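The values are calculated or read from the model by the stated rules, or taken from the named source; none is laboratory data. Since the structure is predicted, the reported quantities are computational estimates derived from the model, not experimental observations. Here the Cβ positions follow ideal geometry from the backbone for every residue, glycine too, while neighbour counts run over all protein chains shown.
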Amino acid sequence: MARVSPLKKTVRDMILSMALIALPIVAIVEFFPHDAKKPGDQVQTVDYTIPLEQARRTAPFQVLAPEGLPAGWRATSLHTDLAPGAPLRWELGFAAPGDQYVALDQVSGGDGLPGVLRVQASGATAGGTVDVGGVTWTKYDGGDAGKRRALARTEPAAAAGAAPVVVVVSGSAGFDELEQFAGALR
């Protein structure tokens with residue numbers, strides 16, 4: 001009678017054991033749902049309607065948000081800081097058509113326009129004004145190095161003792177998209 005080598009028997013048993021373990025793992029991976037993102041869905045969309053209503057009730061200035069933007073615009077980020085004693089801030093970011101980014105910043109108090117532009121359009125230089133829906137905005141261009149562009153304006157204080165509000169629309173999008181976004185603010 002031929003004897004089976006103990007080494008061959010051990011290797012065969014190990015392969016059979018691994019196959020028995022691998023089958024349930026493959027079944028779990030294959031049959032249970034998992035998050036398979038599509039290449040175009042890298043950035044999640046946020047719903048800002050409730051935070052917008054809350055900010056409009058508590059802020060001492062008119063909190064703005066776009067209305068009636070055409071298809072292709074998606075809200076992607078939101079930040080509010082409406083705590084008393086600090087500069088009041090409302091930020092809303094959008095993915096514009098063509099994979100560009102547009103942000104709305106409203107700041108009341110603090111260092112105002114220079115501080116917002118340092119963060120949003122560093123290195124930008126003023127480049128005239130543009131009228132959007134009867135409102136005059138100052139244009140800031142980051143140049144050809146791919147820096148951000150911005151439209152900015154300052155609104156007077158809404159009440160006695162309140163600070164003026166700086167409104168900045170900035171991003172990587174062209175001035176056409178920035179103006180379209182600024183024109184939709186309500």
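Looking at Asp41, Asp47, Asp35, can you tell me which residue is surrounded by fewer than 10 Cβ atoms within 10 Å (Cβ to Cβ), modelled with pLDDT under 90 and under 18 Å from the mean Cα position of the chain (by Cα)? Going through Asp41, Asp47, Asp35 in turn, the sole match is Asp41.
With respect to Gln120, determine if the residue is at pLDDT below 80, under 17 Å from the mean Cα position of the chain (by Cα) and not hydrophobic (A, V, I, L, M, F, W, C).
Spelling it out, Gln120 is indeed at pLDDT below 80, under 17 Å from the mean Cα position of the chain (by Cα) and not hydrophobic (A, V, I, L, M, F, W, C).
Of all the criteria given as (1) at pLDDT below 90; (2) within 29 Å of Thr45 (Cα to Cα); (3) exposed (fewer than 14 other Cβ atoms within 10 Å of the Cβ), the one not satisfied by Tyr140 is (3).
Checking each residue of segment 143-158 against the condition of being touching a Ser or Thr at 6+ places or on another chain (Cβ under 9 Å), within 18 Å of Pro87 (Cβ to Cβ), small (Gly, Ala, Ser) and surrounded by fewer than 18 Cβ atoms within 10 Å (Cβ to Cβ) gives at least one match. Restricting attention to segment 50-72, which residues are surrounded by 12 or more Cβ atoms within 10 Å (Cβ to Cβ) and in contact (Cβ under 8 Å) with a residue 60 or more places away in the chain? Once the filter is applied, which keeps residues that are surrounded by 12 or more Cβ atoms within 10 Å (Cβ to Cβ) and in contact (Cβ under 8 Å) with a residue 60 or more places away in the chain, segment 50-72 yields Pro60, Phe61, Gln62, Leu64, Ala65, Pro66, Leu69. Within segment 162-186, residues that are within 9 Å of Leu151 (Cα to Cα) have Cβ atoms under 6 Å from residues that are surrounded by fewer than 20 Cβ atoms within 10 Å (Cβ to Cβ) and of a type in the set (Lys, Arg) in these pairs: Val167/Arg153, counting only partners at least 6 apart in sequence or on another chain. Residues that are over 16 Å from Val166 (Cα atoms) and either loosely packed, with under 12 Cβ neighbours inside 10 Å or modelled with pLDDT under 60 (or both) within segment 124-137 comprise Thr125, Gly128, Asp131, Gly133, Gly134, listed in sequence order.
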